[in-house]
Amino acid sequence: MTTTLLKPSSILPEGLCIQQVNNLTLFKFTDKLGDRMQELLDKKKADTLTAEESLELETIGELDNIFSYINAVMAAQAHEPS
């Protein structure tokens, strides 16, 4: 049986929200996706993660990296002098 990485875009509709923080618009995980990521991290720490869950965690982690990068770039641009 071959397991493949989930497409990050498959998580976006229910896993992403946009939040206004001061003068910034930031990409954030919904509470549901944040809770799922924490659940998977806890299972990984307990060494009870299945192969499918490991791939799911990897996908969520990749989205987290992408959103962190985008948010950092937007924050840096907001602080640049006009």
For region 18-78, the spread of Cα positions along each principal axis, largest first, Å: 42, 18, 15
Estimated inter-spin distance, T48 and A72, nm [label 7 Å along Cα→Cβ]: 3.4 nm
Long-range lysine pairs (8 or more apart or interchain), the chain, Cα under 19 Å: 4
Relative contact order for the chain, counting Cα pairs under 8 Å that sit 6 or more residues apart, in percent: 35 percent
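Every number in this text was worked out from the coordinates using simple rules, so none of it is lab data. Not measured: the values here are computed from a predicted model. Cβ: placed from backbone, ideal geometry, glycine included. Neighbour counts: every protein chain shown.
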